[in-house]
Ligand SMILES: N[C@@H](CCC(=O)N[C@@H](CS)C(=O)NCC(=O)O)C(=O)O
């Protein structure tokens, strides 16, 4: 049995919930409330499980690992079901590159802890933090929209089913909407998000469908 250390609003955890659902895998959810002021991820107990003190992490047979993209690749390699990466090596590279634009170059800059540092150590007010947040999404989404336009048209980027590209895109689009980022310049990304969210695996993983613990 897989145990998922999860927070309903965490977009990195949302990625892993989608991947598990696409495989039809059962898992036990362990809530870790990362809401500022609650900060369960900073507890000594959670630190002993995941030294990075972030969600998600998974526990399997007494072993714990963090990092959502590594977890998704492990899920793909070990759990039967639809492939989460394209078969063709170049398409795999493209799918990973698409996911990395978000996971490496947008999300880390907009996470709770860097935003807290902006406020605490650099005197940023809420308008400045919001500008920072929007800016990194707009830059990354501009690149992704171009990358997506170069791939064949269709509801998904790599064939007739979602891959790691959509698994990582949908939670980032949710973050963008939550912070009122104007998505009108990104019609292909919006269409990919809509097609993916129509699937049960995505719907069941959505923050609004999780316990708020
Ligand atoms: N690169 C990591 C990012 C994980 C991450 O930053 N998680 C956020 C929630 S989306 C978190 O736990 N933040 C708590 C904090 O910044 O203290 C992954 O993909 O798993």
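Read-outs: derived from the displayed coordinates by stated rules, not from any lab. No experiment lies behind these values; they were computed from the predicted model shown. Neighbour counts run over all protein chains shown; Cβ positions are idealised from the backbone, glycine included.
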Debye log10 I(q)/I(0) at q = 0.20, 0.21, 0.23 Å⁻¹ for the stretch 86-152, Cα point scatterers:
-0.79, -0.84, -0.93
In the chain, what % of DSSP beta bridges are antiparallel (nearest 5)?
60
Would you mind computing, in nm to one decimal, how far apart the modelled labels at residue 100 and residue 73 are, each placed 7 Å from Cα along Cα→Cβ?
1.0
Taking N as the number of residues in the stretch 1-58, what value does Rg over Cα atoms divided by 2.2 N^0.38 Å take?
1.10
Of all DSSP beta bridges having both residues in the stretch 1-111, the percent classed as antiparallel (nearest 5) is 60
Spin-label model distance (nm) - residue 65 vs residue 153, 7 Å beyond Cα toward Cβ
4.0
Normalised convex hull volume, the stretch 89-199, alpha-carbon set, Å³ per residue:
96
Show me the three semi-axes of the equivalent ellipsoid for the chain, from the C-alpha gyration tensor (sqrt of 5 times each eigenvalue), largest first, rounded to whole Å.
26, 24, 14
How would you rank 54, 177, 188, going from fewest to most other Cβ atoms within 10 Å of each one's own Cβ?
177, 188, 54
Relative contact order (percent) for the stretch 1-72, with alpha-carbon contacts under 8 angstrom and 6 or more residues of separation?
39
